[in-house]
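Here the structure is laid out as structure tokens; the discussion comes afterwards.
The values are calculated or read from the model by the stated rules, or taken from the named source; none is laboratory data. Owing to the predicted nature of the structure, the values given are computational and were not obtained by experimental measurement. Note that we place each Cβ from the backbone using ideal geometry, even for glycine, and neighbour counts take in every protein chain shown.
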Amino acid sequence: MIIELISFGFKYNSPPNTNYLIDVRFLNNPYYVDNLKPLTGLDKDVIDFFHSDLKVSDFLEKLKIWIAYIIEANITANKESIKIAIGCTGGQHRSPYIVEQLAQYITNNSPNITKLTVYHTELTNYNNSV
């Protein structure tokens, strides 16, 4: 199984050909916190902001259960790959953070994954394959 995780900003359009698209615009937005606005969901201060938010923690726990189910269902259906896109308004804070958390979870809990690729479409010069 090959998995692609993509973060993006809805104001720039969603990625084409995704199997699953998740909207995280309901989560608190660090964009409205002055010292966090210029940062990204990959920066420690933004990560700390999300770690202290119980709504984010609760959502992530539910999302991890869903992701585990989706991966197993696609493996059972003999699918070779799935593409999961996570979107927020600008693709700078919330969606990159969630994608990174999912990537870590999948890496640690899904032994049948042969390749995991992470793309942050709105963050220049960042792509990662595991």
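Odds and ends about this structure:
- Considering residues of the stretch 92-117 that are under 10 Å from the mean Cα position of the chain (by Cα) and of a type in the set (Gly, Ala, Ser) only, the residue nearest to Phe10 (Cα to Cα): Ser95
- Being at pLDDT 95 or above, outside any helix (DSSP H, G or I), surrounded by fewer than 13 Cβ atoms within 10 Å (Cβ to Cβ) and not charged (D, E, K, R) is a property that holds for Asn78.
- Just one of the listed residues (Tyr31, Tyr69) is within 17 Å of Asn112 (Cα to Cα) and part of a helix (DSSP H, G or I), and it is Tyr69.
- Any hit, the stretch 82-95, residues being in a helix (DSSP H, G or I) and either surrounded by 17 or more Cβ atoms within 10 Å (Cβ to Cβ) or modelled with pLDDT under 95 (or both): yes
- Under the condition of being farther than 13 Å from Ile22 by Cβ and either of a type in the set (Phe, Trp, Tyr) or in a strand (DSSP E or B) (or both), the residues counted in the stretch 34-66 number 2.
- Within the stretch 1-32, being of a type in the set (A, V, I, L, M, F, W, C), surrounded by 13 or more Cβ atoms within 10 Å (Cβ to Cβ) and closer than 15 Å to Thr89 by Cα holds for Ile6, Phe8, Phe10, Leu21, Ile22, Val24, Leu27.
- Residue in the stretch 38-66 that is surrounded by the most Cβ atoms within 10 Å (Cβ to Cβ), counting only those that are more than 15 Å from the chain's Cα centre (by Cα) and of a type in the set (Lys, Arg): Lys55
- Residues in the stretch 2-60 that are free of Cβ contacts under 8 Å to residues at least 60 places away in the same chain and of a type in the set (Lys, Arg): Lys37, Lys44, Lys55.
- Apart from one condition, Asn109 fits all of (1) touching a strand residue (DSSP E or B) at 6+ places or on another chain (Cβ under 9 Å); (2) free of Cβ contacts under 8 Å to residues at least 60 places away in the same chain; the exception is (1).
- Matching residues, the stretch 67-87, being among the basic types (Lys, Arg) and more than 19 Å from the chain's Cα centre (by Cα): Lys79
- Subset of the stretch 1-30 (residues that are of a type in the set (S, T, N, Q) and under 10 Å from Ile82 (Cβ atoms)): Thr18, Asn19
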